[in-house]
Every structure is written in C-alpha cells, then in structure tokens.
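To keep things clear, I will list the structure first and then write my remarks on it.
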Amino acid sequence: MKVAIGVDHGGIHLKPALIKYLEKRGIEYKDFGTFCEDSCDYNDYGEAVAKAVAKGEFDYGILICGTGIGMSIVANKIKGIRCAHCHDVFSAKATRQHNDANMLAFGERVIGAGLMVEIVDAFLNTDFSGEERHVRRVSKIKALEDKNFS
Ligand code: RB5
C-alpha cells in the first residue's frame, strides 16, 4: 500500500504522529509537505496529493489542516478523488465501505493524535463493500464528474 500525505501549517504538529503510525505499520508513504510552521495555503498541498492519488501513483491520500475542511474541499475538486472529512472512526470505516473514498482529511485543531491514529487505521484497513447499491452510487459520482469536470 502506498500513501501520499500533505499538511498545511494548521496540520503540521499532527504530522509526526501520522508518520510514526505509517512507519510502524511498514506502510510506504510520500510526504508532500509542508515542512515548516510558516503560514501557507492548504490549496497547494491538497492539490498536489490529490493529483498524485488521481494519477494512480498512490492508493490513498491523507490530508491535515486546521479543520480538515479546506483540504477536503480542494481534494474533491480533482477528478477521481473522493475525499472524506472524518473526525470519528465510524465515518472513516463507513466512507471506505460505502463511498470507496480514496482520501481522508481531518483537522489538527479538532482531534488529537490518539483519535487520529484510530481513524487512519480504520480508513486504511477497511475495504469497499462492493455491494450493488454502493457500486451504483459511486458510479453515479463518477458520471457526475464526467458531466461537470473538464
Ligand atoms: C489555516 O489557518 C486554516 O484556515 C487551515 O488550516 C484550514 O483549517 C482551512 O480549512
């Protein structure tokens, strides 16, 4: 499994715990930045990670900003990305089972490292259910992208 990660200055303090989790589990990852506490735009990191995931270079993308909101909005502007904004384990599992989400976003100002690790673990270790109704709904999302994204 290959995972791309990206944060802005609002998410940088949670990044070490995410990296520790990935390394402990032997999960290959690439860190797209940011690498310092200077104020920056979440847009740039969210876009870079989402494009890499959409190209198929990574299985999943994980984004952290202050709230997770800006990052998830940006990621979902990239065709092929289904980025879930999650601050609980139930949603992280459900979005894999039901939405086949390929990206996860959350906020450092909202959750701590302990809950984050549980959310990430649930997300990365839950498969898409493949049930007909969920396949149909994800297909409809893809059709909507085809209609509206150039
Ligand atoms: C940065 O202050 C903050 O706006 C950003 O990290 C994020 O929360 C935006 O949605």
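Each reported figure results from applying straightforward, stated rules to the coordinates on display, with no laboratory input. It should be emphasised that the depicted structure is a prediction, and the values quoted were computed from it without experimental measurement. Cβ atoms come from the backbone with ideal geometry, glycine included; neighbour counts cover every protein chain shown.
Amide H to amide H distances under 5 Å link Lys2 with Asp59, Tyr60, where only residues 5 or more positions off or on other chains count and H is placed in the peptide plane. Full extension of the chain segment joining Asp44 with His13 gains 9.3 nm, where the gain is 0.36 nm per residue of separation less the Cα-Cα distance. A simple spin-label model places pseudo-atoms 7 Å from Cα toward Cβ; at Glu118 and Lys2 they are separated by 3.2 nm. In order along region 91-102, the phi-based Karplus estimate (6.51 cos²θ - 1.76 cosθ + 1.60, θ = phi - 60°) of 3J(HN,Hα) comes to 5, 4, 5, 5, 6, 6, 5, 9, 9, 6, 4, 10 Hz; Gly and Pro are listed as x. Along the charge dipole of the chain, Cβ charges K/R +1 and D/E -1, which of Met116, His85, Phe149 sits furthest on the positive end? Checked the options; the winner is Phe149. With viscosity 1.002 mPa s and temperature 20 °C, the Kirkwood radius over alpha carbon pairs of the chain converts through Stokes-Einstein to a diffusion coefficient of 142 µm²/s. Under 14 Å from a point placed 7 Å out from the Cα of Asp146 along the Cα-to-Cβ direction: which residues of region 71-99 have their backbone N that close? Residues 80 fall inside that zone.
Simple spin-label estimate for Asp59 and Thr126 gives 1.6 nm between the two label positions (7 Å along the Cα-to-Cβ direction from each Cα).
Taking label points 7 Å from Cα along the Cα-to-Cβ direction, Phe35 and His134 give a separation of 3.8 nm. Normalised by the number of residues in region 37-150, the average gap of Cα pairs under 8 Å and 6 or more apart makes the relative contact order 25 percent. Close amide H pairs (under 5 Å, H built 1.01 Å from N) link Leu104 with Gly61, Ile62, Leu63, Ala84, residues at least 5 positions away or on another chain.
Ranked from largest, the principal axis spans of the Cα set of region 96-150 equal 39, 27, 12 Å. Against the main long axis of the alpha-carbon atoms of the chain, helix 15-24 sits at an angle near 70°.
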